[in-house]
Every structure is written in structure tokens, then in C-alpha cells.
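Visitor: Below are the C-alpha cells for one structure; questions will follow.
The values are calculated or read from the model by the stated rules, or taken from the named source; none is laboratory data. As the structure is a prediction and not an experimental result, all values here were calculated from the model. Ideal geometry is used to build each Cβ from the backbone, glycine not excepted, and the neighbour counts take in all protein chains shown.
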Amino acid sequence: MALSLAINDLDAGYGAVKALRGVTIHVEAGETVALLGTNGNGKSTLMKCIAGLVRPGRGSISLTIDGKPHDLTKLSPEAIVDLGVAMVPEGRRLFPKLTVLENLMLGAFRRAARRDIDRNLALGFDTFPALKERQSQLAGTMSGGQQQMLAIARALMSSPRLLLIDEPSVGLSPLLVSQTIAKIGELNRRVGLTVLMAEQNFNQAIRIADRGYIIVHGEIVVAAASVDELKGNDIVKRLYLGGVV
Ligand SMILES: Nc1ncnc2c1ncn2[C@@H]1O[C@H](COP(=O)(O)OP(=O)(O)O)[C@@H](O)[C@H]1O
Ligand SMILES: [Mg+2]
């Protein structure tokens, strides 16, 4: 499946607040790309622009599937899901009073996803066996780690080709962060899922990322072609690795 996401010179914001300025990034089929930045730098805004939840003021977002380009800035969030883009939102956004299974079924609300319910459910349960055992448990009564698993499994229910994951590590213990990140890496390898992951946790994100970008005050300040290049970057050393620059 040929897929590529190209974002060019994107500006976005909320009224007078400019959250993204001239953002240019790309993601290719099969890659795991990290979007790294500390709080308030525009990671979620960029994810929401791709998902059609925030409309950019300028620039382009193009998803090319098998040679056919789709301008995501012109499509509804539902149409973007139909193209195979699913988002795991920051803070999971589950329905706490619904069961695990009910939350999963809500991930398959689009017609195109309904015929693949059995396959996608099997993939989710296979990847996260704890969810299978807890199908009838209320989502809000599960641990943070289990809720993050559920949020990822729910996104898988729409048969995504491109998975946008917004800060999977938030609120999790170091062990659970590590396990969650490993699962995302496993999904990338096993089902060829293309992943764009926003993270503050540099060291965890680079365990599975092929390459990454650093976003500061809404601007991409580093675009590294590999994790080694990222680690060797002076801005990265200053921001994340405790180095003195
Ligand atoms: N709904 C909103 N209304 C107004 N400002 C917002 C809204 N969401 C985010 N912002 C602002 O946009 C900037 C980027 O936020 P965000 O994209 O959430 O960053 P991150 O995900 O990296 O923490 C911040 O200055 C934030 O305060
Ligand atoms: Mg965020």
C-alpha cells in the first residue's frame, strides 16, 4: 500500500493564538515518525489538523494513497477516517461509563470499518490480551495503562493505515510507558501500520521511531533523518539530553 503524508508550510491557531507556523513534515508508508516537543508547543494542534479537527489558516496537508492525492484540509474528520487515518487522542477520550467492548465498537462507526469488525477486534485483543479479558468492564474503572491500550485498540477498529498517536505516555508509570511504546512498535511491524506519534518523552519515543521532528513554539526546529541524527543534534541535547550547548 503506497501511502504518504506531506504537510507543507502549515499555519494554524485559535483566534489570536498562533499554534503552528510554517510547519513542514512528511511521513512515508511503514515509518514510525516522532513529533517531539514539550508542553504547549503545538503537537496536538498538528495532529488535530491532520485529523480535520482544526482547520489550518495556511498551507497544505496532502495524503497520497496509491498515487492519488487527497487534500485533507478540505475533508471532514469522518472522510479522513474513511481514508484510513485514525487518531488516538491525548488523554485517551474514552467513554468511561461504557464497557471496553462498547468503546471498541464506537471505533468502528464508519460504514467501511463495519465489515472488518471481527478482524480488527481480533487484532486489538491479540495485541492487548488484557482487553479481551475485560471486555465487559467499564472503561473508566480500568488503570491508566489499560485505558491507553483501549484507546489504541479503538483506533484500530477503523482499519487505519496511518495512526496518529498523541502523547501515549501521558499519566503512565515508566513501566507502562515502556510497554505501551513497545506495543506501538509491534503494531508498526506486524501490520505495517504507519505511525506519527507526538511525545514529550524523548527517550521512550526514539526506541521505536525511525526518525523525528522537534517542534518548539509551533515551528519545526529539527528535522532529523534518523534517530542517531536526532541524538546528535545540539538542540536535542539541550532540550532533552541535559547537555550544555
Ligand atoms: N482550544 C484552544 N484554544 C486556544 N488555544 C489553544 C487551544 N488548544 C491549544 N491552544 C494553544 O495552542 C498552543 C499549542 O497547544 P497544543 O497544540 O495543545 O500543544 P502541545 O500538544 O504540544 O502541548 C498552546 O499555546 C496552547 O495554549
Ligand atoms: Mg498535546
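Visitor: Please pick out the residue among LYS97, LYS183 that is within 28 Å of GLU78 (Cβ to Cβ), out of contact with any Cys (no Cβ under 7 Å at 6 or more places or on another chain), part of a loop (DSSP other than H, G, I, E, B) and touching a residue at least 12 places away in the same chain (Cβ under 8 Å).
Guide: The unique qualifying residue is LYS97.
Visitor: Here is a follow-up. Only residues in region 142-168 that are over 14 Å from GLY107 (Cβ atoms) and among the hydrophobic types (A, V, I, L, M, F, W, C) count as the first member; pair them with residues that are assigned to a strand (DSSP E or B) and away from ligand 2 (no atom under 16 Å from the Cβ), Cβ under 6 angstrom, at least 6 apart or cross-chain, and list the lot.
Guide: Short answer, once both residue conditions are applied: LEU162/VAL85; LEU162/THR194.
Visitor: Quick check: is even one residue across region 162-181 at pLDDT 95 or above, away from ligand 1 (no atom under 16 Å from the Cβ) and closer than 27 Å to LEU10 by Cβ?
Guide: yes
Visitor: Can you work out which of the residues in region 143-185 that are polar (S, T, N, Q) and under 13 Å from the mean Cα position of the chain (by Cα) is surrounded by the fewest Cβ atoms within 10 Å (Cβ to Cβ)?
Guide: SER169
Visitor: Go through region 186-206 and give me each residue that's within 22 Å of HIS26 (Cβ to Cβ), assigned to a helix (DSSP H, G or I) and in contact (Cβ under 8 Å) with a residue 24 or more places away in the chain.
Guide: Matches in region 186-206: LEU187, ASN188, VAL191, PHE202, ALA205, ILE206.
Visitor: May I pose another question? Would you mention how many residues in region 100-120 are surrounded by 13 or more Cβ atoms within 10 Å (Cβ to Cβ) and assigned to a loop (DSSP other than H, G, I, E, B)?
Guide: 4
Visitor: Looking at this structure, is ALA151 within 16 Å of ligand 2 (Cβ to nearest atom) and assigned to a helix (DSSP H, G or I)?
Guide: yes
Visitor: Which one of the conditions (1) more than 11 Å from ligand 1 (Cβ to nearest atom); (2) over 26 Å from GLN204 (Cα atoms) does ALA6 fail to meet, given that it meets all the rest?
Guide: Unmet condition: (2).
Visitor: Take residues that are touching a residue at least 24 places away in the same chain (Cβ under 8 Å) and tell me which of the strands (runs of 3 or more DSSP E) falling wholly in region 1-71 contain 3 or more.
Guide: Strands (runs of 3 or more DSSP E) meeting the threshold: 3-14, 17-28, 32-36, 58-65.
Visitor: For the structure I just gave you, tell me whether GLN135 is surrounded by fewer than 21 Cβ atoms within 10 Å (Cβ to Cβ) and part of a loop (DSSP other than H, G, I, E, B).
Guide: Yes.
Visitor: If you don't mind, another one. If we keep just the residues of region 21-47 that are among the hydrophobic types (A, V, I, L, M, F, W, C) and within 8 Å of ligand 1 (Cβ to nearest atom), which is nearest to ILE208 (Cα to Cα)? Reasoning before the result, please.
Guide: Here is the first cut: in region 21-47, the residues among the hydrophobic types (A, V, I, L, M, F, W, C) are 23, 25, 27, 29, 33-36, 46-47.
In the following step, the residues that additionally are within 8 Å of ligand 1 (Cβ to nearest atom) were identified as 46-47.
Details: LEU46: 21, MET47: 19 Å.
Per the criteria, the residue is MET47.
Visitor: So which of ARG134, ARG115 ends up being closer than 24 Å to LEU3 by Cα and not aromatic (Phe, Trp, Tyr)? Outline the logic, then answer.
Guide: Working: ARG134 fails: closer than 24 Å to LEU3 by Cα.
Step by step, each of ARG134, ARG115 is checked, and only ARG115 is closer than 24 Å to LEU3 by Cα and not aromatic (Phe, Trp, Tyr).
Visitor: Here's a follow-up. If the requirement is being of a type outside the set (Ser, Thr, Tyr), in contact with a Gly (Cβ under 9 Å, 6 or more places away or on another chain) and at pLDDT 95 or above, which of these qualifies: LEU20, LEU94?
Guide: Checking each option against the conditions leaves just LEU20.
Visitor: Working carefully through the options VAL81, VAL88, find the one that is within 16 Å of ligand 2 (Cβ to nearest atom) and under 18 Å from CYS49 (Cα atoms). Write out each step before concluding.
Guide: On the way: VAL81 fails: within 16 Å of ligand 2 (Cβ to nearest atom).
It is VAL88.
Visitor: One residue is enough: does region 44-56 have a residue meeting the conditions surrounded by fewer than 18 Cβ atoms within 10 Å (Cβ to Cβ) and at positive phi?
Guide: Within region 44-56, not a single residue is surrounded by fewer than 18 Cβ atoms within 10 Å (Cβ to Cβ) and at positive phi.
Visitor: Would you mention how many residues in region 102-124 are touching a residue at least 24 places away in the same chain (Cβ under 8 Å) and within 20 Å of THR180 (Cα to Cα)?
Guide: Here the count works out to 7.
Visitor: Moving on to the next point. Which residue is nearest to ligand 1 (Cβ to nearest atom), if the candidates are limited to region 186-203 and must be closer than 20 Å to ILE214 by Cα and surrounded by fewer than 22 Cβ atoms within 10 Å (Cβ to Cβ)? Outline the logic, then answer.
Guide: Within region 186-203, the subset closer than 20 Å to ILE214 by Cα is 194-203.
Then drop every residue that is not surrounded by fewer than 22 Cβ atoms within 10 Å (Cβ to Cβ), which leaves 200-203.
Working: GLN200: 8, ASN201: 13, PHE202: 13, ASN203: 18 Å.
So, considering only residues that are closer than 20 Å to ILE214 by Cα and surrounded by fewer than 22 Cβ atoms within 10 Å (Cβ to Cβ), the one nearest to ligand 1 (Cβ to nearest atom) is GLN200.
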